[in-house]
Amino acid sequence: MSFCSFFGGEVFKDHFKPGIYVCAKCGHELFSSRAKYEHSSPWPAFTETTHEDSVAKREERPGALKVVSCGKCGSGLGHEFLNDGPKRGQSRF
């Protein structure tokens, strides 16, 4: 599976089959379907990455938002929203 499609709607938002979501550019493993959950955003939502080096993060807004990119090729993946996950204290990717 590739991770994001920004044109024509997000095809993986309501996709909940078991598997691994990978970077569309280089195939690097990013997220597991086990970490995916339903969210009101138009994109898939995850609570954690597959590996420690799956993504790179850069702080955009202190304490609230981080820019996320592929940990291998640097392709942009969106944001990590701090303390916005399904459980208290969890982040949402």
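Within the stretch 64-81, can you find the residues that are in a strand (DSSP E or B) and not aliphatic (A, V, I, L, M)? Walk me through it before giving the result.
Initially, the stretch 64-81 is screened for residues in a strand (DSSP E or B), giving 65-70, 76-81.
Scanning the stretch 64-81 gives Lys66, Ser69, Cys70, Gly76, Gly78, His79, Glu80, Phe81.
Quick check on the stretch 4-63: of everything there that is surrounded by 13 or more Cβ atoms within 10 Å (Cβ to Cβ), assigned to a strand (DSSP E or B) and basic (Lys, Arg), which residue is modelled with the lowest pLDDT?
Checked the stretch 4-63; the qualifying residue modelled with the lowest pLDDT is Lys36.
The values are calculated or read from the model by the stated rules, or taken from the named source; none is laboratory data. All figures in this text were calculated on a predicted structure; none of them were measured in a lab. Glycine also receives a Cβ, built like all others from the backbone with ideal geometry; neighbour counts cover every protein chain displayed.
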